[in-house]
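In what follows, a single structure is set out as C-alpha cells and then discussed.
The values are calculated or read from the model by the stated rules, or taken from the named source; none is laboratory data. In this text, all values refer to a predicted model and were calculated from it rather than measured experimentally. Note that we place each Cβ from the backbone using ideal geometry, even for glycine, and neighbour counts take in every protein chain shown.
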Amino acid sequence: MKPLSEIVAKTEASATLVLTALAKRLQADGVDVVSLTAGEPDFPTPQHIKDAAKRAIEENRTTYTLNAGTLELRQAIVQKFRADNNLAFHPSQILVSNGAKHSIANALQAICNRGDEVIVPSPYWVSYPQMVLLAGATPVIVSTSEENGFMLTAEQLRGAITARTKALILCTPSNPTGAIYSKHDLELLAEVIAETGIYVIADEIYEKMIYDGAHHFSIGSIASIRNQVVTVNGMSKAYSMTGWRVGFLGASQEITSGAERVQSQTTSNASSISQYAALAALTGPQDEIVAMAEEYDRRREFIHSAVTSIPGIRCHMPKGAFYIFPNISDYLGRSVRGVTMNSCDDIAKFLLDEEGVALVPGSSFGSENHLRISYSCSITELEKAAERLQRGFRKLE
C-alpha cells in the first residue's frame, strides 16, 4: 500500500478535541472528571433561534442553498459587520461556511501557495499552524511576551516578514490568552501590513465576550489595509451554537470569490436549517448575549482568583474570550512519588490522573510554561475544579 500524503503526515489532530473526547469517554465510564478543555458555551441555544430552525424544517427549507449562503443571511451579516465592526461589504463579499474554522481554512486555501509563509503569533489557537500546513504553506511562529500581554508588536511583525510571507493570522480577543488588541495596537500593525502588502486573517469569533470596559476593534476597518483583511466570525460562541456549524467571512471580492470556489469543491453550502437559525440569531433579540457575557465575567473572576491563589502560579488577567492561561513554570521539575513533571504535558496528565481535572497543556498552543483552562462551564464545575487544582498543586509543592 502506498503512503498517505506528506501534508497529512505532518498534520496533528486537534489537541482540544482529543482531550475533550478523552474527558467525555472517562465520564461515560463512570470516572469523576471535571472537563475544562472545550471552548464550548454551556448555555442552550436561545429559544427563538431553535424556533426558526423548526420553522425551516416545517416549511421544507431543507434543500441546497446558494454555495455562498442564502442571500437573506448574507445581507444580515453585512448589516452585522456594518453595525458592530465598521466594515462595509456587499453580500457578494460574504461567504457562509461550516463554522469559523472552515472559513479560516477556505481563506488560507484561497490565499496561499506552496512555499508561502504565514505568520502565527504564539500562544495561538491549536488549529492555526495545522490549517496553514494543510494549505501547503509554512507556519512561522512568533512568540509574544507575557509581560506585554501576549500581543504581537509591530517590531516583531516587521522582523518576521520575508519575501515569502503571504499572511498573518490574528485572533482578538485571543484564544488561549484572552488578550485584546486595542485600536492603537492594531493601527501600528496596520502600518507594517500596508507597507509589505501581506494579507491578514482576523479571527474575531470572541468579540462579544469582553470584560473590564475593554472594546473590540476590527483591524479590517482601517482604510489603508481594508482590502488585505479577511474578517472571520461565526455563530458558535456568542449565540451558543457550536453544533449548528455556521461561520462566515467578509473580504475583498477577489478573496471571497476564491474562497467560495474552494468551498464549492469541498463542502458546498452550510446546512440550510442552520442558516435560517443563524438569520434569526443575527436579526432577533440580543439580550441573551449580554446575559451570557455577564456570567462569563463572573466565572472569569472566580477561576482567576482561585488559580492565582496557588503559590507559584501567575496568570495574566484575560480581557476577553473565556479562557485563562496560567503560568505553571515554577512547578516544572518537581516530583511526586518518584515521577518528575518535566513539561506542562506531564502536569496536565498528573492533574487528570490524580485529581480528575482535564485541561489542555500550553504546548498545544505554542507555550511550554502554561495550561489553558476554559471557564465556559458552570460555576459549580469551576468550584469543583478549583478545589481539585489547589489540592493537586499542593502535592507538587
#### Entry: Residue that is surrounded by the most Cβ atoms within 10 Å (Cβ to Cβ), among those in region 48-73 that are in a helix (DSSP H, G or I) and of a type in the set (A, V, I, L, M, F, W, C)
Leu73
### Task
Taking Ala179 as meeting all but one of (1) surrounded by fewer than 20 Cβ atoms within 10 Å (Cβ to Cβ); (2) in contact (Cβ under 8 Å) with a residue 12 or more places away in the chain; (3) closer than 25 Å to His316 by Cβ, write down the number of the exception.
(1)
#### Entry: Considering residues of region 126-160 that are among the hydroxyl-bearing types (Ser, Thr, Tyr) and not in a helix (DSSP H, G or I) only, the residue farthest from Asp212 (Cα to Cα)
Thr138
### Message
Of the residues Lys24, Lys101, Lys54, Lys50, only one is closer than 30 Å to Ala385 by Cα and either in contact with a Phe, Trp or Tyr (Cβ under 7 Å, 6 or more places away or on another chain) or at pLDDT 95 or above (or both); which?
### Response
Lys101
### Residues (crowded, with 19+ Cβ neighbours inside 10 Å, more than 24 Å from the chain's Cα centre (by Cα) and not in a helix (DSSP H, G or I)) located in region 339-397
Met341, Gly356, Leu396
### Message
From the list Ala163, Ala214, Ala238, exactly one residue is on the phi < 0 side of the Ramachandran plot, free of Cβ contacts under 8 Å to residues at least 12 places away in the same chain and in a loop (DSSP other than H, G, I, E, B). Which is it?
### Response
Ala163
### Residue check for Leu87: touching a helix residue (DSSP H, G or I) at 6+ places or on another chain (Cβ under 7 Å) and part of a helix (DSSP H, G or I)
no
### Boolean, Val31 is in a loop (DSSP other than H, G, I, E, B), at pLDDT below 90, among the β-branched types (Val, Ile, Thr) and out of contact with any Leu (no Cβ under 7 Å at 6 or more places or on another chain)
yes
### Task
Would you be able to say whether some residue in region 187-205 is touching a His at 6+ places or on another chain (Cβ under 9 Å), crowded, with 21+ Cβ neighbours inside 10 Å and either within 30 Å of Ala56 (Cα to Cα) or free of Cβ contacts under 8 Å to residues at least 24 places away in the same chain (or both)?
yes
### Message
Exactly one condition in (1) of a type in the set (Gly, Ala, Ser); (2) touching a residue at least 60 places away in the same chain (Cβ under 8 Å); (3) under 30 Å from Phe350 (Cα atoms) is false for Ala28; which is it?
### Response
(2)
#### Entry: Test: residue in region 74-84 that is over 29 Å from Glu295 (Cα atoms), among the aromatic types (Phe, Trp, Tyr), in contact (Cβ under 8 Å) with a residue 60 or more places away in the chain and in contact with a strand residue (DSSP E or B) (Cβ under 8 Å, 6 or more places away or on another chain)
no
